[in-house]
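As structure tokens, the structure follows; a few thoughts come after it.
Computed from the coordinates by the stated procedures, all read-outs in this text should not be read as laboratory data. The model shown is predicted, which means the values in this text are computed figures rather than measured ones. Note that we place each Cβ from the backbone using ideal geometry, even for glycine, and neighbour counts take in every protein chain shown.
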Amino acid sequence: MPRRFSKLLRYLFFAVIGLGLLCALAVGTAELCTYCAADGRCRDRAENCSAGGVGLVLGCARYLGPGRPNFYFTGRMQAAAELWRSGKVRCLIVSGDNRFRCYNEPREMRRALVALGVPSDRIVCDYAGLCTYDSVVRAHRIFGAQQLVIVSQPEHAARAVAIAHYLDIPAEGLNAPLKPTTRSSRFRHFVRERGARVAMLYDLITGRTPRHMGAPETLPN
């Protein structure tokens, strides 16, 4: 093997090792930051949440495909409706993606919550919640929520609570139910969540402004 080629392979090897260590450091730091910020701040039952806040329901697709309901969506709506019935919040912000004409997460969440008995005038749609960071920031800056109860599945709720914590927004999480899934599905979710937590670090360090802000809006009293 030519000496020059051997040297190039050695540089490439150390570059890959260095990149791997950097990724491991980023993931480990994101995990530690999330755990430290969210530990003890997420509840499994609505009745254990603090009173007087605003519910923030994080969006996801209602269906995974034709005739395939998304249990993540269903679980969040059930938990959000229970939060409302508990009397702990005065209203619910449903925050999600609305970038395409045929895809509207807040609209679907609103419909589902009304069907579960939540009054329509107590549901506020945030159509610019393109990611968790944007949803949390907009709930505070645009809608004026001073205390949040964030509804999602446990790992997602913990990340959202961590974001709020580092932005000095009082918040706690309400864990929506999980459904047993396949091993491959759990692995995909695990990898996706790790990446999302690293992205959270970037957003917090850079102080990124959400893609869409706009004029302040008033929440129901």
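Normalising by the residue count of region 64-152, find the relative contact order in percent from Cα pairs under 8 Å and 6+ residues apart. RCO, region 64-152: 29 percent.
Highest-first packing order for the peptide set 48-59, 81-92, 192-203, 23-34 is 48-59, 81-92, 192-203, 23-34, based on the mean count of other beta carbon atoms within 10 Å. Calculate, for Phe14 and Thr209, the FRET efficiency according to 1/(1 + (r/R0)^6) with r their C-beta to C-beta distance and R0 45 Å; round to the nearest 0.05. Step by step, r from the Cβ atoms, then E = 0.75. Taking the Cβ of Ala112 as the centre, find all other residues whose Cβ is under 12 Å away and add up their charges (Lys, Arg: +1; Asp, Glu: -1). Residues close to Ala112 contribute a combined charge of +3. Each residue of region 148-157 was assigned a 3J(HN,Hα) from its phi angle through the Karplus curve 6.51 cos²θ - 1.76 cosθ + 1.60 (θ = phi - 60°); the sequence is 10, 10, 9, 9, 5, 5, x, 5, 5, 4 Hz, with glycine and proline shown as x. For the pair Arg111 and Glu31, a Förster radius of 35 Å applied to the C-beta separation gives a FRET efficiency near 0.50, rounded to the nearest 0.05. Each residue of region 190-205 was assigned a 3J(HN,Hα) from its phi angle through the Karplus expression (A = 6.51, B = -1.76, C = 1.60, θ = phi - 60°), giving 4, 5, 4, 5, 4, x, 5, 6, 5, 4, 4, 4, 4, 4, 6, 5 Hz with x at Gly and Pro.
Considering only His189, Gly55, Gly87, the residue lying farthest towards the positive end of the dipole of the chain is His189, judged by Cα position with unit charges set on Cβ. Of all beta bridges that DSSP places with both ends in the chain, some 15 percent have antiparallel geometry.
Taking 0.36 nm per residue of sequence separation and removing the Cα-Cα distance, the Tyr202/Ser120 pair yields an extension gain of 25.9 nm. Each residue, Arg90 and Glu47, gets one label point 7 Å from its Cα in the Cβ direction; the gap between the two is 2.5 nm.
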